[in-house]
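A short worksheet on the structure shown next.
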Amino acid sequence: MGNVFGPVPSRRLGNSLGINLTPLKTCNYACIYCQLGKTTNFTNQRKEYIKTEEIIKELKYAIENTELPIDYITFIGDGEPTLHSGLGEIIKWIKEQHKEKFKIAVVTNGFLMYDEKVREELKLADLILPSIDAPDEKKFKLINRPIENISYGKIIEGLKIFAKEYTGKIWIEIMLMKEINDSRKDIDKLAEIIGSINPLPERVYINTPVRPPVEKWVKIPSEEAIKYAQSVIPNAYSIAYREDGDFDVSRYTNSLDAILDITEKHPLRYDQAEKIINHFNDEKEKVFQELEKSIKIVEYDGYKYLLKKLKK
C-alpha cells in the first residue's frame, strides 16, 4: 500500500481519496512553494512509473475498506499525475467499475496540456484543477521553474484548447505569494489570463503557502492582496486557510505506518499527527522517536508540521 491514500480532508474536494502515480518528487516543475520539498526526479517523460495494475488493485481495496465517505477520487500525490502513461486507463477502470458513484478529479500543474494525448485522457475525469501562478513568462520561470524551455503562452493555449473541448468542470488554482506575484499589476494580469479562457472556469481558488514551502523566502501575502485578487479575478474563492477534518487511517495497523505514509503526500500538522496516535492508543513518545528517523518537524506560521525527509 502507499499509492492510494485517505480519504484525507481537502479544502476544495471534501473527503478526497488520493491516488499517487509517481515516485516521490517526480515532476516537470520545481515550484518554489511546493509542500513536498525539492524535485528530485526532474523529468517530462510520460511512462508507467508505477504499474497501473498495482494502482488499480490498491484503489479497489481502498474503496471497499474505507470508513469515511468519498467525495472525490483525486489524482494527486508525490509528483505530476499527467506524467503517468496509465492515467486514462485508471480513470476508465473507475468509470467502468463504479459508473457514476464517484466523482474523479485530477490536480495538475497544467504543463502537459499542450499534448493532445494528455488532453484526451483528462477529458475522462469529472473535474480538472490546473494551476496558473504566473502573470507572465519571466515569473513563470521564477515560480514554477519548468524543466523544458516551453513558452508560457503555449501552456496557457493548451489549457484554452482543453477548456473548449471539455464537458466537465475546471477549477483553476493560483498560489499567491508575498512580493512574488501579489502586486496589483500581477493580479490584474492573472485576471486577464483567466478571463481569456472560454468558457470561463467555474471556480478560481486563491491559495497561499499555508504549509511550509520548499523555499524559505516564500511567504504568505497580505489579507489585502488576497481580497484584491478575489475582487478582480473571475469566479474567485479564497482557500487561504488550513484544512480541517479527519484522515481515514482504517487501512493501517498502527499510527507510525499511517503517519509515515500520509506525510509522503500530505504534510501533517503536529496536532493532526497526535490525533492519529490517539486513535491507535499508541505511546506518543515512542512514535515520535521512531518518526525522527525519516520525519523532520518544522515550525511555520505559528504551527508545527511533520515533513518527510528527502534523500539527498
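Could you grab me the full set of residues in region 133-154 that are outside any helix (DSSP H, G or I), modelled with pLDDT of 95 or more and aliphatic (A, V, I, L, M)?
Residue satisfying the conditions is A134 alone.
Take the conditions touching a residue at least 12 places away in the same chain (Cβ under 8 Å), out of contact with any strand residue (DSSP E or B) (no Cβ under 7 Å at 6 or more places or on another chain) and either buried (at least 17 other Cβ atoms within 10 Å of the Cβ) or under 18 Å from D136 (Cα atoms) (or both) and apply them to P213. Does it pass?
Judged against the criteria, P213 is a match.
Looking at (1) out of contact with any Leu (no Cβ under 7 Å at 6 or more places or on another chain); (2) in contact (Cβ under 8 Å) with a residue 12 or more places away in the chain; (3) not charged (D, E, K, R), which is the only condition Q289 fails?
In the conditions (1) out of contact with any Leu (no Cβ under 7 Å at 6 or more places or on another chain); (2) in contact (Cβ under 8 Å) with a residue 12 or more places away in the chain; (3) not charged (D, E, K, R), Q289 misses (2) alone.
Of all residues in region 104-116 being more than 21 Å from D78 (Cα to Cα) and of a type outside the set (F, W, Y), which is nearest to the chain's Cα centre (by Cα)?
D115
Select from region 91-138 the residues that are among the aromatic types (F, W, Y) and under 17 Å from T22 (Cβ atoms) and list them in ascending order.
Hit for region 91-138 is F111, nothing else.
Please go through (1) at pLDDT 95 or above; (2) assigned to a helix (DSSP H, G or I); (3) farther than 16 Å from H84 by Cβ; (4) not β-branched (V, I, T) for R119 and return the number of the only condition it doesn't satisfy.
So R119 meets the others, but not (3).
Does T66 satisfy the condition of being surrounded by fewer than 21 Cβ atoms within 10 Å (Cβ to Cβ) and either at pLDDT below 95 or under 16 Å from the mean Cα position of the chain (by Cα) (or both)?
yes
Of the numbered conditions (1) more than 21 Å from L176 (Cα to Cα); (2) at pLDDT 85 or above, V249 fails exactly one; give the number of that condition.
All conditions are met except number (2).
Output the qualifying pairs, or none if there are none: Cβ atoms under 8 angstrom, residues six or more apart or on different chains, first residue in region 185-204 and within 14 Å of I170 (Cβ to Cβ), second residue assigned to a loop (DSSP other than H, G, I, E, B) and hydrophobic (A, V, I, L, M, F, W, C).
I193/I132; I194/I132; I194/L200; I194/I233; V204/I233
Between E58, E89, which is under 17 Å from I104 (Cβ atoms) and in contact with a helix residue (DSSP H, G or I) (Cβ under 6 Å, 6 or more places away or on another chain)?
E89
Got a number for residues in region 140-154 being without any contact (Cβ under 8 Å) to a residue 60 or more places away in the chain and surrounded by fewer than 19 Cβ atoms within 10 Å (Cβ to Cβ)?
Final tally of qualifying residues: 6.
Select the helices (runs of 4 or more DSSP H) contained entirely in region 250-312, then report the ones holding at least 3 residues which are closer than 24 Å to V4 by Cβ and β-branched (V, I, T).
Where helices (runs of 4 or more DSSP H) fall fully within region 250-312 and carry at least 3 residues being closer than 24 Å to V4 by Cβ and β-branched (V, I, T), they are 255-265.
Give me the pairs, please: first residue somewhere in region 155-167 and part of a helix (DSSP H, G or I), second residue anywhere and among the β-branched types (V, I, T), beta-carbon distance under 7 Å, and either six or more positions apart or on two chains.
Listed pairs, sorted by first residue: I156/I193; L159/I197; K160/I197; A163/I170; A163/I197.
Would you point out which residue out of G6, G77, G2, G37 is surrounded by fewer than 18 Cβ atoms within 10 Å (Cβ to Cβ) and within 14 Å of the chain's Cα centre (by Cα)?
G37
Residues in region 97-139 that are in contact with a helix residue (DSSP H, G or I) (Cβ under 8 Å, 6 or more places away or on another chain), of a type in the set (K, R) and surrounded by fewer than 17 Cβ atoms within 10 Å (Cβ to Cβ): how many?
Total meeting the criteria: 1.
The values are calculated or read from the model by the stated rules, or taken from the named source; none is laboratory data. No experiment lies behind these values; they were computed from the predicted model shown. Because the Cβ atoms are built from the backbone with ideal geometry, glycine has one as well, and the counts that use them run over all protein chains shown.
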